[in-house]
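These notes concern the structure reproduced below.
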Amino acid sequence: MQQFIDSYDFTGKKAIVRVDFNVPLNENFEITDDTRIRRAMPTLKKVLEKGGSLIIMSHLGRPKKVDPKFSLKHIVGRVSECLGVPVQFAEDCMKADEQAAALKPGEALLLENLRYYAEEEGKPRGLAEDATDEEKKAAKKAVKESQKEFVKKLASYADCYINDAFGTAHRAHGSTALIAEYFPNDKMFGYLMEGEIKAIDNVLKNAQRPFTAIIGGSKVSSKLAVLKNLVGKVDNLIIGGGMGFTFVKAQGGKIGDSLHEDDLMPDALEILKEAKAKGVNISLSVATKAGREFSNDTESKVFDIFNIPDGWEGMDASPESLEIWKKIILSSKTILWNGPVGVFEFPNFATGTLQIAEDLAEATANGAYTLVGGGDSVAAVTQMGYADKVSYVSTGGGAMLEAIEGKVLPGIAAIQD
Ligand code: AMP
């Protein structure tokens, strides 16, 4: 049965908490952005305040074996600073029995990188390139078997389990999902997870109408499932960025040298057809600011989106398109944004993405619910200083994308089951 941090009695209990401390480190192993550590603090502090102790676990990077580059020891100092208590460190997440047992209320222990063990992800490692299917199958079976022991060991350290790692909620890994089984009556989400789940529900289950989704980014292929799921839910679907050109070409437009995926054109037409049948307004940009080449300082010119000459590639939404989108955004009560509407990394082609961020801030101030989720749009609102002017900024790129696709995330299901 699912529990809740606020009502759970942590007195004298040891909580094993899966967090996402996968922070960027520079070549001196210094943290360059500690957002993920800070976002986990409300949950971790709450457990300590309520008389519990902490066993904190995370992955860092993608090590395929024990590799000091990916050691969580690099971040112990910062975690201690943020938490306000000295955090102990277990150099091997499978050999922390004594340290965990010795923890007193108010104390915290950080386990070494879970991904030093193949069992965390449950995928075989070190297979020869020419391994036969039989060998691959056997290796997979073996790691799945040893994964049970791995998970059981982690669970043995604690009395209750908290998952606060939204960034890995779409993975059915040992620490993100499988471990929950050992805590049938003592498992719960951390505050960050609760916030993310509520944000997803606010748009996918309880959206106030009109509901508008703005989907941008480079490729239709990476967001096809998102578009297909949303087309059945929204009132307006704004499609911007590179992916828009596949929709234009599919309808017979001339897109010059703009990014596009020919093999996705049938899917684009299918989405347009479905939107029409359902009365959903799909809004592509009407014109684009195009460049001669893919660089910030290239010559640029605005063209009708259906008539881009060869030798030019569309790289940002035009002012006229942004006016249309602004009207749609400001008349919506729920807005979901995923993906930039232009090559926002180039300042000369960032106007559209910046304008969307501004429009979302204005809509939020007017009372709309606005969720920004998934990789680059999060980077864009943060860089542009709008992160605290929208209702919610998701911490999980891939996880948010899968949630918007309508998938059940294993990390969420494991707690709610
Ligand atoms: P995604 O990871 O699919 O959300 O895509 C984000 C990337 O799409 C960013 O790096 C943008 O620069 C890129 N992008 C957006 N619009 C365009 C465009 N018109 N042409 C090429 N790349 C684009």
Inset, instruction - Select from region 242-300 the residues that are without any contact (Cβ under 8 Å) to a residue 40 or more places away in the chain and basic (Lys, Arg) and write down the one among them that is nearest to Asp316 (Cα to Cα). - result: Arg292
Legend entry - Tally of residues being out of contact with any Phe, Trp or Tyr (no Cβ under 6 Å at 6 or more places or on another chain) and within 19 Å of Cys160 (Cβ to Cβ) across region 21-46: 5
Legend entry - Scan of region 321-351 for residues that are closer than 13 Å to Gly217 by Cα and either open to solvent by 40 Å² or more (accessible area, probe 1.4 Å) or in contact with a Cys (Cβ under 9 Å, 6 or more places away or on another chain) (or both), ordered by number: Glu345
Inset, instruction - Consider only pairs whose beta carbons are under 9 Å apart and that are at least six residues apart or on different chains; among these, list those whose first residue lies in region 207-229 and is more than 21 Å from Thr246 (Cα to Cα) and in contact (Cβ under 8 Å) with a residue 60 or more places away in the chain and whose second residue is open to solvent by 30 Å² or more (accessible area, probe 1.4 Å) and assigned to a helix (DSSP H, G or I). - result: Gln208/Asn202
Legend entry - Hits in region 143-177 (condition: in a loop (DSSP other than H, G, I, E, B) and within 30 Å of Gly374 (Cβ to Cβ)): Asp164, Ala165, Ala169, His170, Arg171, Ala172, His173, Gly174, Ser175, Thr176, Ala177
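Are there any strands (runs of 3 or more DSSP E) wholly within region 237-350 with 2 or more residues that are away from the ligand (no atom under 16 Å from the Cβ), within 30 Å of the chain's Cα centre (by Cα) and at pLDDT 95 or above, and if so which?
Strands (runs of 3 or more DSSP E) meeting the threshold: 281-284, 334-338.
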Legend entry - Single residue of region 357-370 satisfying the filter (within 20 Å of the chain's Cα centre (by Cα) and open to solvent by less than 20 Å² (accessible area, probe 1.4 Å)) that is nearest to the ligand (Cβ to nearest atom): Ala357
Inset, instruction - For Ser318, indicate whether it is open to solvent by less than 40 Å² (accessible area, probe 1.4 Å), in contact (Cβ under 8 Å) with a residue 12 or more places away in the chain and not hydrophobic (A, V, I, L, M, F, W, C). - result: yes
Inset, instruction - Give the residue, chosen from Gly311, Gly291, that is buried (at least 23 other Cβ atoms within 10 Å of the Cβ) and touching an Asp or Glu at 6+ places or on another chain (Cβ under 9 Å). - result: Gly291
Legend entry - Close pairs (6 angstrom Cβ cut-off, 6 or more residues apart or separate chains): over 19 Å from Ala40 (Cβ atoms) in region 172-201, part of a loop (DSSP other than H, G, I, E, B) and open to solvent by 10 Å² or more (accessible area, probe 1.4 Å) anywhere: Asn185/Met1
Inset, instruction - Answer yes if at least one residue in region 377-386 is within 14 Å of the ligand (Cβ to nearest atom), assigned to a helix (DSSP H, G or I), of a type in the set (A, V, I, L, M) and under 24 Å from Lys187 (Cβ atoms), and no otherwise. - result: no
Inset, instruction - Filter region 205-220 down to residues that are at pLDDT below 95 and either part of a helix (DSSP H, G or I) or closer than 10 Å to Leu336 by Cα (or both), then give me how many there are. - result: 0
Inset, instruction - Give the residue, chosen from Ile356, Ile328, that is touching a Leu at 6+ places or on another chain (Cβ under 9 Å), of a type in the set (Val, Ile, Thr) and in contact (Cβ under 8 Å) with a residue 60 or more places away in the chain. - result: Ile356
Inset, instruction - Would you please name the residue that is surrounded by the fewest Cβ atoms within 10 Å (Cβ to Cβ), looking only at residues in region 200-228 that are within 17 Å of the chain's Cα centre (by Cα) and more than 16 Å from the ligand (Cβ to nearest atom)? - result: Asp201
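The values are calculated or read from the model by the stated rules, or taken from the named source; none is laboratory data. This structure is a prediction, so every number in the text was calculated from the model and none was measured. Neighbour counts run over all protein chains shown; Cβ positions are idealised from the backbone, glycine included. Just the protein is used for accessible areas: all its heavy atoms, side chains included, with ligands, DNA and RNA removed. Shrake-Rupley method; radii C 1.70, N 1.55, O 1.52, S 1.80 Å.
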